[in-house]
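What follows is a short report on a single structure.
Just so it is clear, none of the values below were taken in a lab; they were calculated from the coordinates. Given the structure is predicted, the values throughout are model-derived calculations rather than measurements. With ideal geometry, Cβ positions are generated from the backbone for all residues, glycine too; neighbour counts draw on all protein chains shown.
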Amino acid sequence: MSARGTQRVAARGVAALLWFFLVLFCLRVAGQALVVFFDVPWLPPMATWQSGLLPYPWLLLSQIVIVVLFARISLDVGRGRGVFSEPRAWLGAAMLAFAVPYLLAMLVRYGVRMSLYPGERWVGGSIPTVFHWVLAGFLLTSGHHHWRRANPATRAGVRTRLARGPLLAAAVAILALALWGGAYLARLPPPKT
């Protein structure tokens, strides 16, 4: 098989993984919508579906935007043509730079929640957090795909630019995590004793 053929097979494998993450996220969006609009009894109650940082109409709108964008990315990568099919080192680096701290923050969020509410351990109140992991998985997969398939010279240029501002990036990430953590912890009800 030619190098180009090998790349196409690899891209299809990446696309399949992207579609998997997208379908999981769509099931989450549909599940919450069923609870909100049809009050289905066989799904968990509304309180377990979202953390409350966004009112549901805004959350639903943001979820629809995410679904449309991720579907386009998955489609482009799978077809090998379109805006998101061309490997771009800067896009891969940006996705990875966002996805890694995002995933780490969600893992910390899960740990904090489980330590504050041991009675809910493993599944209680974890629907939002688990689906943040799904979104991070999509971003990690897509970012890695773009980074690995980009021209090595382009990757070297991106590395050089990234190396100029690691302290600023770290400061912004720490500030964002601190603000998110404070907002999240402020909304948690007190632990039962």
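For segment 1-110, applying the loop criterion from DSSP together with a ceiling of 16 other beta carbons within 10 Å to the trypsin sites (Lys or Arg not before Pro) yields 81. Note on segment 69-158: Kirkwood hydrodynamic radius from all Cα pairs is 14.5 Å, rounded to one decimal.
Separation of segment 28-89 and segment 101-132, taken as the distance between their Cα centroids, equals 19 angstrom. Working from label points 7 Å from Cα in the Cα-to-Cβ sense, the residue 144 to residue 107 distance is 1.3 nm.
Annotation note: chymotrypsin sites (Phe, Trp or Tyr not before Pro) in segment 1-92 located in DSSP loop regions with a Cβ neighbour count of at most 10 within 10 Å are 42.
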